[in-house]
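Student: Here it is, the structure in full.
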Amino acid sequence: MLRAADQVGTGLAGIDVAGLSKAYQGRHGPSPALQDVTFTVRAGEFVALIGPSGCGKTTLLHILAGLIEPTAGSVSMPRRHPGRLGTALVFQGASTLPWMTVLDNVAYGLRVMGVPARERRERARQHLGQVGLLASSEAYPHQLSEGMRQRVNIARALATDPAILLMDEPFADLDEQNRLLLQDELLRIWQEDRKTVLFVTHSLDEAIRLSDRVLVMSASPGHITTEVPVPLGRPRDFQKIRQDPAYGALSARLWGELREEVLRANRS
Amino acid sequence: MKARIADRWLALVSPLGLLLLWEGLSRAGLLDVRFITPPSAIGRTLVALTRTGELPYHVGVSVERIIAGFLLGSIPAVALGLAMGLSRSVRALLMPIVAAIYPIPKIAIYPLIIFYLGIGEASKVSIVALSIFFLVLLNTMAGVLGMDRTYFNIARAYGARSIDVFTTIAWPGALPSIFTGLKLGMGFAMIGCRNRFSHLAIVPDLRDRCDVRRPAGHRGAGMAGDDHPGLAGAPRHAVADGA
C-alpha cells in the first residue's frame, strides 16, 4: 500500500489521507466502518473510488467534507478562502433544495459563505450556463428531470470554486443514456479547469471512463486494497475507449479485485 | 383546468344540498322548528343583525382577537418548534413539559387565565394563543424531524452557521407542516375565541333570535333589551359558555 509520505505533489489542492478510521457507536460496542484508510489524490487528478455497497465510501466522503469526525487518522486538505471553498461535495441522489429556484440552489453554497447577492447571482448564472441550464434558472427542481437536477447539484458545487470536488455516486439515479451524457459533460467541464476530483461510484465502467486512477475499497470495514491507474488518453471519446483493448483488460482487472470484496460484503 | 372548475362547483353542492334538505324537512314539518331553526329564518336574522350593525361589529371584534391570538400563539410556537426539531438537547429539555401540558383541555386553564388576566381582551386573546400554540409547535417540530437529513448535510457541507440552517433549511423545509399546524390551529382559535359572536353562533342562543313564527324582519323576543351584556353579565349565555 502506498503511504502518504511516499507521494509527491500533494500541494495545496491535493488530498492526503493517512490511517483514517471511523467506528460508529453501536448497541453492542463500536462497529468499525473504515479501518486504516490511506491514499493520496494529487492536485488536478481525477480519482475514482469503487467498492461494494456499504463499505464506507459515503462515510469517507463525509469525513473529507467535514460532516463527520474520524475516530483516528489524519486528513490533509486545502483550506477554504474567502469566496472559495476548500472542498465541495456533490451529494448522492435527490439533493436539490425543493423550496428554492434553480438559480438559488446553485447560489446556495455562495449564500452561506457570505458572498454578496449580486456576485453570487453572477457566479451562479455562469455555472448554470456551464451545465446548460441557464434557461431553467427560475424553475423549481420538481419541474426538472432527474438529469437536470443532478446538473444543478454539480453547478452548486462548482459555483463555490472548490479546490477539490467530492462526488458521491452523483449519477446513480440516472438511466444509462442520461448517465453517459452527464459523464461526458462532467469530463468537458473538468477539462476546462482540471479541479482535483474524488468520485465515488459503484460502476466499473464509470470509474474507467472518467478517472486517471481507480482506488478499490474492501468490504466493510473499508480500507483501500489496491489502486489501478487508467492508461487512457484525454480528452476521452467514450466511443473510442470502448474499443480500446486496454479498456477491456482494465475492466477485467478491476472486477478481479472487486469480486472477492463484493462476495465478502454479501456474506457478512 | 376544467376539472378544477368542476371541483369548485362540486364543493358547493354538499353544503347547499344540506341546507336545501334542512329547509325542506323544516317546511314539511319533519323537523321541529322550535329546536332546529330552518336556514331561511337564520338567513333573515343574519340580514337583520347585519343591518343593525350588531353582527359586523362582533365579527370585527372576533377577527381582531383571532389575529392577535394567532400571532401571539404561532410565532413563538414556530420558533420553538424549529429549535426542538433541530436540537436534540432542546427537545429533551422541553418535550416533557409540552407532553404534560398539551393534553390538558384549554377550558380547564380558562379560570386561571381569567383570574390572572381578568375578563377583558387579554384573557380572550391568551386563550386563542394558547389553544393554537401546541398544535403549531408539535407540527413544526415533526416537520423538521421528518425532513431528509441530506438537506441539513448540504448546509453543513457548505459551512452554514446555525442561523443559516435555521432560516434556509429548517424553516422552508418545515413550512408544509407549519401550515398544517396553522390550519388546525385556526379551527381551535375559533373555538377559543369566546365572545358575543360565538354566542350568536351557538344554536340555542340564535334560536332565540330567530323568531320563526313571526314575519321576517320582526325582532324576536330574545332580542328585546339585549344590550351587549358583558361576558359574565348574561345568565342566558351561561349554558353556551360552558359548551
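Student: Please tell me if A:Ala172 is part of a helix (DSSP H, G or I), under 30 Å from A:Ile50 (Cα atoms) and within 14 Å of another protein chain (Cβ to nearest Cβ).
Tutor: no
Student: Does region B:121-128 include one or more residues that are without any contact (Cβ under 8 Å) to a residue 24 or more places away in the chain and polar (S, T, N, Q)?
Tutor: Yes, region B:121-128 contains at least one residue that is without any contact (Cβ under 8 Å) to a residue 24 or more places away in the chain and polar (S, T, N, Q).
Student: Go over the candidates B:Lys106, B:Lys124 one by one and state the one that is crowded, with 22+ Cβ neighbours inside 10 Å, farther than 30 Å from A:Gly83 by Cα and away from chain A (no Cβ under 14 Å).
Tutor: Answer to the check: B:Lys124.
Student: Which condition from (1) within 28 Å of A:Gln25 (Cβ to Cβ); (2) within 14 Å of chain B (Cβ to nearest Cβ); (3) part of a loop (DSSP other than H, G, I, E, B) is the one that A:Thr59 breaks?
Tutor: (3)
Student: So, in region B:169-183, exactly how many residues are at the interface with another protein chain (Cβ under 10 Å from one of its Cβ atoms) and without any contact (Cβ under 8 Å) to a residue 40 or more places away in the chain?
Tutor: Going through region B:169-183 one residue at a time, the tally reaches 5.
Student: Further question: With A:Ala65, A:Ala48 as the choices, which residue is in contact with a Leu (Cβ under 7 Å, 6 or more places away or on another chain), at pLDDT below 95 and under 18 Å from A:Val90 (Cβ atoms)?
Tutor: A:Ala65
Student: Quick check on region B:129-146. Is at least one of its residues under 30 Å from A:Leu85 (Cα atoms) and either in a helix (DSSP H, G or I) or away from chain A (no Cβ under 14 Å) (or both)?
Tutor: yes
Student: Among the residues of region B:46-102, what is the count of those that are within 25 Å of B:Gly187 (Cβ to Cβ) and small (Gly, Ala, Ser)?
Tutor: 12
Student: Going through region B:37-78 one residue at a time, which ones are more than 15 Å from B:Leu130 (Cβ to Cβ), assigned to a helix (DSSP H, G or I), more than 16 Å from the chain's Cα centre (by Cα) and of a type outside the set (A, V, I, L, M)?
Tutor: B:Pro39, B:Ser40, B:Gly43, B:Arg44, B:Thr45, B:Thr50, B:Arg51, B:Thr52, B:Glu54, B:Pro56, B:Tyr57
Student: Kindly indicate whether B:Val98 is part of a helix (DSSP H, G or I), surrounded by 15 or more Cβ atoms within 10 Å (Cβ to Cβ) and modelled with pLDDT of 90 or more.
Tutor: Criteria met by B:Val98.
Student: Taking the residues in region A:95-125 that are surrounded by fewer than 19 Cβ atoms within 10 Å (Cβ to Cβ) and of a type in the set (Asp, Glu) as candidates, determine which candidate is nearest to the other protein chains (Cβ to nearest Cβ).
Tutor: Checking each candidate, the answer is A:Glu119.
Student: Any residue in region A:23-37 that's farther than 16 Å from A:Ile224 by Cα: show its pairings with residues that are loosely packed, with under 11 Cβ neighbours inside 10 Å and polar (S, T, N, Q) at Cβ separation under 9 Å, as long as the two are six or more apart or on different chains.
Tutor: Hits for this filter: A:Ser31/A:Gln25.
Student: Another question, then. Filter region A:81-94 for residues that are closer than 8 Å to A:Pro162 by Cα, at the interface with another protein chain (Cβ under 9 Å from one of its Cβ atoms) and in a loop (DSSP other than H, G, I, E, B) and give the result.
Tutor: Correct list: A:Leu85 only.
Student: Could you please let me know if B:Leu25 is surrounded by fewer than 16 Cβ atoms within 10 Å (Cβ to Cβ) and either under 23 Å from the mean Cα position of the chain (by Cα) or among the acidic types (Asp, Glu) (or both)?
Tutor: no
Student: Only residues in region B:148-168 that are facing chain A (nearest Cβ under 7 Å) count as the first member; pair them with residues that are surrounded by 17 or more Cβ atoms within 10 Å (Cβ to Cβ) and β-branched (Val, Ile, Thr), Cβ under 6 angstrom, at least 6 apart or cross-chain, and list the lot.
Tutor: Pairs that qualify, where the first residue is facing chain A (nearest Cβ under 7 Å) and the partner is surrounded by 17 or more Cβ atoms within 10 Å (Cβ to Cβ) and β-branched (Val, Ile, Thr), are B:Tyr151/B:Ile169; B:Ala155/B:Val165; B:Ala155/B:Ile169; B:Tyr158/A:Val112; B:Ala160/A:Val112; B:Asp164/A:Val112.
Student: Could you tell me which residue of region A:95-134 is nearest to A:Glu185 (Cα to Cα), considering only residues that are over 23 Å from the mean Cα position of the chain (by Cα) and in a loop (DSSP other than H, G, I, E, B)?
Tutor: Among residues in region A:95-134 that are over 23 Å from the mean Cα position of the chain (by Cα) and in a loop (DSSP other than H, G, I, E, B), the one nearest to A:Glu185 (Cα to Cα) is A:Thr101.
Student: So which of A:Ser145, A:Ser74 is of a type outside the set (Asp, Glu), touching a strand residue (DSSP E or B) at 6+ places or on another chain (Cβ under 7 Å), surrounded by fewer than 19 Cβ atoms within 10 Å (Cβ to Cβ) and away from chain B (no Cβ under 12 Å)?
Tutor: So the residue among A:Ser145, A:Ser74 that is of a type outside the set (Asp, Glu), touching a strand residue (DSSP E or B) at 6+ places or on another chain (Cβ under 7 Å), surrounded by fewer than 19 Cβ atoms within 10 Å (Cβ to Cβ) and away from chain B (no Cβ under 12 Å) is A:Ser74.
This table checks each residue for (1) farther than 23 Å from A:Gly44 by Cβ; (2) outside the structural domain of A:Pro52 (by TED's automatic domain parsing); (3) touching a residue at least 60 places away in the same chain (Cβ under 8 Å).
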{"site": "A:Leu198", "(1), (2), (3)": "no, no, yes"}
{"site": "A:Glu206", "(1), (2), (3)": "no, no, yes"}
{"site": "A:Arg209", "(1), (2), (3)": "no, no, no"}
{"site": "A:Ser218", "(1), (2), (3)": "yes, no, yes"}
{"site": "A:His223", "(1), (2), (3)": "yes, no, yes"}
{"site": "A:Leu232", "(1), (2), (3)": "no, no, no"}
{"site": "A:Ala246", "(1), (2), (3)": "no, no, no"}
{"site": "A:Glu257", "(1), (2), (3)": "yes, no, no"}
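The values are calculated or read from the model by the stated rules, or taken from the named source; none is laboratory data. Please read all numbers here as calculations on a predicted model, not as lab measurements. Here Cβ is always computed from backbone atoms with ideal geometry, including for glycine, and neighbour counts include all displayed protein chains.
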